[in-house]
1. Within segment 265-313, how many residues are within 13 Å of the ligand (Cβ to nearest atom), under 15 Å from VAL255 (Cβ atoms) and of a type outside the set (A, V, I, L, M)?
2. Mind checking which pairs have a first residue in segment 289-302 that is closer than 14 Å to ALA150 by Cα and a second that is away from the ligand (no atom under 14 Å from the Cβ) and open to solvent by 20 Å² or more (accessible area, probe 1.4 Å), Cβ under 8 Å, 6 or more apart or different chains?
3. Looking at ILE328, is it in a loop (DSSP other than H, G, I, E, B), in contact with a helix residue (DSSP H, G or I) (Cβ under 9 Å, 6 or more places away or on another chain) and over 20 Å from GLY40 (Cα atoms)?
4. How many residues are out of contact with any strand residue (DSSP E or B) (no Cβ under 7 Å at 6 or more places or on another chain) and outside any loop (DSSP other than H, G, I, E, B) if we restrict to segment 9-23?
5. Applying the selection to segment 303-319, what residues are surrounded by fewer than 15 Cβ atoms within 10 Å (Cβ to Cβ) and aliphatic (A, V, I, L, M)?
6. Check segment 43-63 and report whether any residue there is of a type in the set (Gly, Ala, Ser), open to solvent by less than 60 Å² (accessible area, probe 1.4 Å) and not in a helix (DSSP H, G or I).
7. Quick one: in segment 133-146, of everything that is of a type in the set (A, V, I, L, M, F, W, C) and either modelled with pLDDT of 95 or more or open to solvent by less than 30 Å² (accessible area, probe 1.4 Å) (or both), which residue is nearest to the ligand (Cβ to nearest atom)?
Amino acid sequence: MEIIEKKIAGHEKVLFGKDQEAGYRGIIAIHSTALGPALGGTRLWSYADDEEGLTDVLRLSRGMTYKNALAGLPLGGGKSIIFAPGKNGTILDRETLFRAHGRFIETLSGSYITAEDVATTTKDMGFVSQETKHVVGLAERSGDPSPVTAHGVFRAILASATYRWSSADLTGKTIAIQGCGSVGYHLGRELHQAGAQLIVTDIDPERAQRLADEFAAAAVAPEQIYGARADIFAPCALGGIINDQTLPQLRVEIVAGAANNQLLADHHGEALAARNILYAPDYVANAGGVINVCIGALGWEPMYTRTKVNEIYDTILNIFRLAESEEIPTSKAADRLAEERLAGRAANESLVAAGAVA
Ligand code: NAD
């Protein structure tokens with residue numbers, strides 16, 4: 001394995017790895033180990049060039065630092081990418097590729113821990129685990145994270161309802177869910193049990209129909225979900241769905257869902273606030289997935305994991321209070337709380353200063 005380090009301001013370590021024989025090229029980016037070993041998944045992607053891959057892994061690893069910090073985990077942030085080899089990104093031999101990735105991770109002696117991410121599977125992580133023990137999210141360990149992620153989003157929704165309507169009672173509230181996949185399905189179940197009315201959509205009509213059948217949801221066409229008359233919009237499909245085109249269509253009071261990177265650009269956080277739509281920052285609301293892998297990474301008991309997921313409720317409320325007192329968008333307030341935690345200050349210091357908590 002040929003390894004080259006690249007110094008990048010703001011990141012602790014960025015390594016380029018190459019194993020000619022295995023047809024492997026990848027990058028491991030460690031953004032911060034201030035709170036513990038850097039945890040973040042491996043993404044396999046056909047990048048246009050090295051620069052595009054580097055930009056992606058830097059952005060994602062920084063994001064993991066913030067997510068892990070606000071989830072209250074003793075973990076830092078990192079991420080890795082593998083440049084998809086072969087013509088059109090066709091992978092001929094996943095075992096060879098992921099074992100090479102495992103050897104690369106092993107050289108870091110545990111300062112980076114990986115897991116699955118976009119286009120990588122628990123089976124791929126099994127190959128990684130043949131070369132290093134610094135891998136989590138294995139099928140036989142923490143299992144499917146989706147129900148746990150969905151529960152965290154449910155807690156974020158309850159916190160948002162409490163803040164907006166002074167009551168966490170969802171009876172009779174209407175919630176529009178975009179994406180009825182793994183997380184959307186489990187979220188739909190919890191919301192239905194809590195007495196909410198559901199409007200759902202998916203580009204796969206069968207998935208939307210399942211929620212219609214099981215949870216009395218009203219299924220609509222994908223493009224109709226933004227304008228649906230509802231109290232809450234829960235994006236559980238793609239990123240970038242809060243943008244200049246969709247924002248004017250929204251007729252909800254709250255946006256809280258599982259999808260990563262819901263805001264297309266930072267200023268869309270401000271635009272939501274300007275329209276008085278309360279936004280539960282995505283990386284806080286969907287932290288159940290990363291909290292779940294702590295079963296494997298830190299040996300946590302599932303019950304303790306559940307407690308940490310439930311704490312998403314308090315974190316979201318703290319973010320809302322800070323945003324209100326500082327007159328900043330909730331997306332910015334989340335970043336600020338994470339930065340305080342990283343800087344080693346009490347996470348609620350600025351809340352106290354702002355008089356938001358006693
Ligand atoms: P999934 O692939 O199981 O489900 C996504 C669903 O969205 C699919 O059913 C898909 O058909 C649908 N979809 C895609 N484009 C759509 C569109 N334009 N309109 C309507 N529906 C569309 O994925 P998931 O595991 O449920 O994750 C959902 C989101 O939550 C993703 O953004 C993911 O990154 C994020 N997330 C998931 C977890 C987890 O534990 N699974 C954890 C953190 C974040």
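The values are calculated or read from the model by the stated rules, or taken from the named source; none is laboratory data. It should be emphasised that the depicted structure is a prediction, and the values quoted were computed from it without experimental measurement. Cβ placement follows ideal geometry from the backbone for every residue including glycine, while neighbour counts extend to all protein chains displayed. Heavy atoms of the whole protein, side chains included, go into the accessibility calculation; ligands, DNA and RNA do not. Shrake-Rupley method; radii C 1.70, N 1.55, O 1.52, S 1.80 Å.
1. Total satisfying the criteria: 4.
2. ILE291/LYS308
3. The answer is yes for ILE328.
4. 1
5. MET303 - this is the single residue of segment 303-319 that is surrounded by fewer than 15 Cβ atoms within 10 Å (Cβ to Cβ) and aliphatic (A, V, I, L, M).
6. No - not one qualifying residue is present in segment 43-63.
7. Restricting to residues being of a type in the set (A, V, I, L, M, F, W, C) and either modelled with pLDDT of 95 or more or open to solvent by less than 30 Å² (accessible area, probe 1.4 Å) (or both), the top hit is VAL136.
Yes/no matrix, rows are residues, columns are (1) open to solvent by 30 Å² or more (accessible area, probe 1.4 Å); (2) more than 14 Å from the ligand (Cβ to nearest atom):
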| site | (1), (2) |
| --- | --- |
| ASP93 | yes, yes |
| GLY110 | no, yes |
| GLU131 | yes, yes |
| ARG164 | yes, yes |
| ASP169 | yes, yes |
| ALA176 | no, no |
